[in-house]
1. Restricting to region 112-124, name every residue that is out of contact with any Asp or Glu (no Cβ under 8 Å at 6 or more places or on another chain) and open to solvent by 10 Å² or more (accessible area, probe 1.4 Å).
2. So, of the residues in region 52-65 that are of a type in the set (S, T, N, Q) and assigned to a loop (DSSP other than H, G, I, E, B), which turns out to be nearest to E121 (Cα to Cα)?
3. Does region 127-134 contain any residue that is touching a strand residue (DSSP E or B) at 6+ places or on another chain (Cβ under 9 Å), within 27 Å of G44 (Cα to Cα) and open to solvent by 60 Å² or more (accessible area, probe 1.4 Å)?
4. Taking the condition surrounded by 14 or more Cβ atoms within 10 Å (Cβ to Cβ) and either in contact (Cβ under 8 Å) with a residue 12 or more places away in the chain or in contact with a helix residue (DSSP H, G or I) (Cβ under 7 Å, 6 or more places away or on another chain) (or both), does K137 pass?
5. Grab the strands (runs of 3 or more DSSP E) fully contained in region 66-146, keeping just those with 3 or more residues being over 27 Å from N168 (Cβ atoms) and modelled with pLDDT under 95.
6. Of all residues in region 140-164, how many are basic (K, R) and either open to solvent by less than 70 Å² (accessible area, probe 1.4 Å) or in contact with a Cys (Cβ under 7 Å, 6 or more places away or on another chain) (or both)?
7. Please find, among F183, F191, the residue that is under 17 Å from F46 (Cα atoms) and open to solvent by less than 30 Å² (accessible area, probe 1.4 Å).
8. Looking at region 177-189 only, could you name the residues that are in a helix (DSSP H, G or I) and either under 12 Å from the mean Cα position of the chain (by Cα) or without any contact (Cβ under 8 Å) to a residue 60 or more places away in the chain (or both)?
Amino acid sequence: MAKSRHYYIRKTHRYLGLVLGIQFLMWTISGLYFSWSDIDEIHGDFQHRHPPHLTSNVKLVSPDSFLQKLEFPLDSIHTLQLVSVLGKPVYSLQYYAGSALKRALVDAGTGQERDWISREEAIGMAAESFIGDPKVKRVEFLMNTDRHHEYREKPLPAWAISFDHPTNTTVYVSSEIGKVESFRNDKWRLFDFLWMGHTMDYKGRDDFNNWLLRIFSAFGLVTILSGFVLFWVTRRRRRREW
């Protein structure tokens with residue numbers, strides 16, 4: 001006995017739903033978390049205290065006094081910023097020497113190139129930017145990170161200062177740029193995990209145009225359309241039987 005179109009549509013809808021159901025559930029759970037969460041808490045903004053600004057009477061030397069005295073000959077400037085390292089003015093310079101991007105920290109009061117941010121300075125900068133007075137739990141120096149690290153695609157090397165706090169916050173300080181780069185807490189880590197499932201980028205988490213996501217999205221559309229077709233076919237069949 002020949003099987004009806006209704007049979008094949010039902011089978012297609014059933015197996016597509018079985019294959020895609022787990023991913024649909026992941027999309028729903030992550031979407032709920034994203035929409036019901038305070039993004040400021042995820043970013044750690046409620047913990048972030050901005051250190052005092054440099055005063056207007058701070059004594060600064062002109063960048064001309066050190067640009068030609070760098071360790072590597074300067075070809076062009078990428079960025080030049082005035083930053084505060086524990087209240088002291090410092091020029092944070094990124095420049096090209098040939099085709100290589102170099103970095104330098106220069107004492108803005110003397111024009112002398114200085115060392116990278118030390119462990120003690122990084123701890124002080126992290127504590128200065130953190131609301132409250134939590135104890136330091138762990139300090140790490142990062143030379144490299146993988147594509148799943150919570151500090152991925154950020155300036156390296158960097159100091160990771162973890163605090164003994166209910167949020168398990170880690171503050172990342174770039175040693176060569178001289179700035180606090182990121183706050184990472186448990187809410188951010190959960191957000192990051194759900195974001196990976198939402199984008200289906202299981203290699204680097206942030207590629208929203210990967211082929212796995214495209215394929216599942218296309219199959220999801222087919223599943224929804226087959227459900228509408230199944231509803232219409234069964235409706236017409238029941239009307240004929242009636």
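The values are calculated or read from the model by the stated rules, or taken from the named source; none is laboratory data. Not measured: the values here are computed from a predicted model. Cβ atoms come from the backbone with ideal geometry, glycine included; neighbour counts cover every protein chain shown. Surface areas here come from the heavy atoms of the whole protein model, side chains and all, with no ligands, DNA or RNA. Shrake-Rupley method; radii C 1.70, N 1.55, O 1.52, S 1.80 Å.
1. Those that are out of contact with any Asp or Glu (no Cβ under 8 Å at 6 or more places or on another chain) and open to solvent by 10 Å² or more (accessible area, probe 1.4 Å): Q112, D115, S118, R119, E120, E121, I123, G124.
2. T55
3. yes
4. The answer is no for K137.
5. So the answer is 76-85, 88-97, 100-107.
6. 1
7. F183
8. D186, W188, R189
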